[in-house]
Amino acid sequence: MGRAAAYTVAMTIDANLAKVDEVMTALYEIQDPEIGMSIVDLDLIKAVELGVDGGPTEVKMILTTPFCPWAGELIQTVKAKTEEVVGPPVKVTLLAERWEPPPGLF
């Protein structure tokens with residue numbers, strides 16, 4: 001890889017990290033309705049994968065309980081907030097892993 005190509009890759013990575021940070025900042029505003037804390041502080045957002053070439057941006061998240069009554073509302077809010085930053089399409093994927101409160105949270 002030439003110097004120019006390496007520089008372009010580094011710029012792309014920096015731009016992507018900045019965009020992911022912008023998404024996480026937007027998602028920080030969303031409160032878990034049961035616990036009353038940010039879904040980011042609760043570590044419910046596990047990954048943000050930016051879409052490439054018109055593909056969807058994917059937000060991978062978990063819920064505090066498997067049968068969370070607010071799941072649909074949370075998913076729609078996460079989708080809408082992410083679209084405000086990156087534009088559509090955005091896909092929200094619920095992961096099957098069990099939520100554990102981050103150390104020192106409570």
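In the set VAL92, VAL23, only one residue is assigned to a helix (DSSP H, G or I) and at pLDDT 95 or above; that residue is VAL23. Restricting to the stretch 65-77, name every residue that is in a helix (DSSP H, G or I), loosely packed, with under 14 Cβ neighbours inside 10 Å and in contact (Cβ under 8 Å) with a residue 24 or more places away in the chain. Within the stretch 65-77, just GLU73 meets the criteria.
Among MET61, MET11, MET1, which is the only one that is at pLDDT 95 or above and among the aliphatic types (A, V, I, L, M)?
Just one listed residue meets the conditions, MET61.
Scanning the stretch 26-64 for residues that are assigned to a loop (DSSP other than H, G, I, E, B), out of contact with any Leu (no Cβ under 9 Å at 6 or more places or on another chain) and not small (Gly, Ala, Ser), we see that the one that is farthest from VAL78 (Cα to Cα) is ASP53.
The values are calculated or read from the model by the stated rules, or taken from the named source; none is laboratory data. As the structure is a prediction and not an experimental result, all values here were calculated from the model. All Cβ positions, even for glycine, are placed from backbone atoms using ideal geometry, and neighbour counts span all protein chains on display.
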